[in-house]
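Notes follow once the structure below has been shown.
Read-outs: derived from the displayed coordinates by stated rules, not from any lab. As the structure is a computational prediction, the values presented were derived from the model and not from experiment. Every residue, glycine among them, receives a Cβ derived from its backbone with ideal geometry; neighbour counts consider all protein chains shown.
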Amino acid sequence: MERSSRERVLEQRARVWGPLLATAAGVFMVSIGWLRWPDLMIDYGAQLYLPWQITEGRVLYRDLFYLYGPLSSHAHALLFLIFGTSFRVLVWFNLLLTAGLAGVIFVLFRRIADALTASLCALSFVVVFALAQYQGGGNFNFVAPYNYELTHGVILGIVTLLVFHSYVRRPAVWTLMTLGVLTGMVFLTKPEAFLALFATMIVGLPLALYFRTESCRVKLFNALVWVASFFAAPFLFWVYLSLRMPAQKAFEGLIGPWLHVLDPFTRTLPLYQWIRGINDLSGNLVQGLGFALGWAAVLVMVAGIHRLFQRGNPDVVTSFTGGALVILLMLTAWWVSVPWLELGRPLPLFVLGYGFYQARRFMRASAAERGQPLFLLVFSVYAFVLMLKIVFNVHVYHYGFALALPAFLLFLRFALYDLPGWLPTAPNRFPFARLAFAGLILVFIVAHGNVSYKLYPLKNYPVGSGSDTIMEYYPFLNPRGEIVNQALHYMREKMDPQAGFPVFPAGNMLNYLSRHPNPFPFIFFTPPEVHFFGEETYLKRLQSRPPPYIVFVEMDHSWLGAPYFGRDYARDLYAWVIANYHQDALFGELPFSGKGYGVRIMKHSSATTDNPS
């Protein structure tokens, strides 16, 4: 698009200062969040436990029952083999991946927009999505997430989009092969990440091939190249796993995530109903529409003021007035009570509209001009499908830290590049619209960063030791960290190092930090896993090979439809443990009593009692 001289100067400065600002913001976010990213006892323990156990010789899907793909666990296991088993190894590796994705986002949006847009996209990624914490629990970031398959799937997905952009500009067989291999790798992560990318490829590649001036034979060959490349990574993993278990079981392990996702039981859980927004569908739709109208009002206001500045006013007056208004807009957005964490609700509506607009552009464009609208259409498909899990309740916190990222980046392109480009800017005139939108986005970023700045310092109590240290909340805010430390000390000092134990209903972090493995293949004993595998399966395995110890951990699973293990679900399993084990140690409150956090170590009654209670 044609730019005024003022906008060209702005672009030149953004090329230099934009990456520096994003880098500085990333360093700052890492400094305040250092070792504070995970949740101590919910979910993240499995992300450490699985690769550790793989390095110990256990096999995923045979010795370790897991509901997601194998890529992340095996990549981390390889890192553990090379650098040693520690939490910090995963921190550094995933920080490098996060920095790499920030670079990919900058390069991609520099290609499809400009340096200012690319800089603010990269800045938004590191501050708002990748390194943030907005709630009491951790896990929703790119360094120590509740599930690495999601973040790795999104990282590979955006890298695939960058490769697809290269393919649209300069088609080549090796680029097509890269697209297929990357898509196959995402299949090995998490279903929602793969579904979004697969839908993108199913829409983008046929359109890209159809409008090329090649014979049908060449187009068919190209399609087969992508298909063959797609199966490469899943096939290699299937062969690897088949050497360690029956081939059919290895295949079932690879497709297992889809079997569980399609199970209607998950749709009945309060957590997933809230995530999707169907727990209060009408209320969420009204809120989404309200925020959409608010967005539209701001866009129209900025566009209207911009047009006023392009009239015959002296440039010095225009610049002074425009600068004052930009500052005023920024201060207003900062000081007015704005529900910052809910502003993403209109994103699905925006992406749908933007996608249809780009589809129309694509169909009307000449052969030489189809590349950009095709890519933006494909990006819109990826962003929308990735949001389907949270489509009626979109936000940047919780699952939105990954699922809403592409849609938000697409909106930044619209606000910073498309909309100002549609508005006329006379030569040497003040580019009010671009600066106003950039200022408002900066305020949005700072407001979100401020939430993390206030929350992270509250997590300053070390749990674990050495390179496995994790920072938890001060005990006066939450006693969990102190209680876990006491339990870990007991496990290291009083329990046989070879004595493994399961943790009911979940607590792989205790296994990992104490280096006492769970002798059973079950990772969790929460309501979904008990439903998928069956309580009888758990009980038979426990009865046939009772471990010397069992650990109970306080955990309320109301959000999964059944609050307490042994009371609201898995009653037979709990009753058998109580009948055959006695309490060996108790730290904090009695688990499942609802009185507070606690860890209870149970010892098999046939074993000698070292520490009777």
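If you take every residue apart from THR189 with its C-beta less than 15 Å away from the C-beta of THR189, what net charge results, scoring Lys and Arg +1 and Asp and Glu -1? The partial results should precede the final answer.
Values: positive: LYS190, LYS389; negative: GLU149, GLU192.
With Lys, Arg at +1 and Asp, Glu at -1, the net is 0.
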*Kindly state, to the nearest 0.05, the FRET efficiency for LEU285 paired with HIS489, given R0 = 60 Å and r defined as their beta-carbon distance.*
0.70
*Exposure proxy order (Cβ contacts within 10 Å, fewest to most) of ILE42, ILE390*: ILE42, ILE390
*When a/c is below 1.5 the answer is rounded, else prolate if a/b is larger than b/c, else oblate, so apply that to the stretch 33-187 with a ≥ b ≥ c taken from the square roots of the Cα gyration tensor eigenvalues.*
oblate
*Taking the stretch 479-604 and dividing mean pair separation by its residue count, relative contact order in percent (alpha carbons under 8 Å, at least six apart)*: 26 percent
*Cα-based shape type of the stretch 164-246, given that a ≥ b ≥ c are square roots of the gyration tensor eigenvalues and the cut on a/c is 1.5*: prolate
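Hydropathy first: keep DSSP H helices in the chain averaging at least 0.5 on Kyte-Doolittle, then drop any whose Cα extent along the axis falls short of 24 Å, and list what survives.
Result, helices passing both filters: 87-112, 148-169, 191-210, 281-309, 315-335, 432-455.
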*Relative contact order (percent, whole number), the chain, Cα cutoff 8 Å, 6+ residue spacing*: 17 percent
*So in the chain, what percent of DSSP beta bridges are antiparallel if you round to the nearest 5?*
75 percent
*Global form of the stretch 479-604, assessed from the alpha-carbon gyration tensor, a/c cut-off 1.5*: oblate
_Summed residue charge, Cβ within 14 Å of ALA404's Cβ, Lys/Arg positive, Asp/Glu negative_ = +1
_Relative packing of 377-383, 178-184, 244-250, which averages over residues the other C-beta atoms within 10 Å, highest first_ = 377-383, 178-184, 244-250
*Could you give the distance between the Cα centres of the stretch 139-177 and the stretch 322-387, to the whole Å?*
20 Å
_Order by protection proxy (mean Cβ within 10 Å, highest first), peptides 497-504, 63-70, 429-436_ = 429-436, 63-70, 497-504
_What does the extension gain come out to for VAL27 and PHE251, with contour length at 0.36 nm per residue minus their alpha carbon separation?_
76.4 nm
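With an 8 Å cut-off on Cα pairs and a minimum separation of 6 or more residues, tell me the relative contact order of the stretch 119-278 in percent.
Values: 124 pairs, mean separation 29.7, N = 160.
Reported relative contact order: 19 percent.
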*Mind checking which lysines have their Cα closer than 16 Å to the Cα of LYS190? Skip sequence neighbours fewer than 8 apart in that chain.*
LYS389
_Neighbour-count order for VAL286, VAL91, fewest beta carbons within 10 angstrom listed first_ = VAL286, VAL91
*Straight-line reach from LYS603: which lysines have Cα under 26 Å away, leaving out those fewer than 8 places along the same chain?*
LYS494, LYS540, LYS595
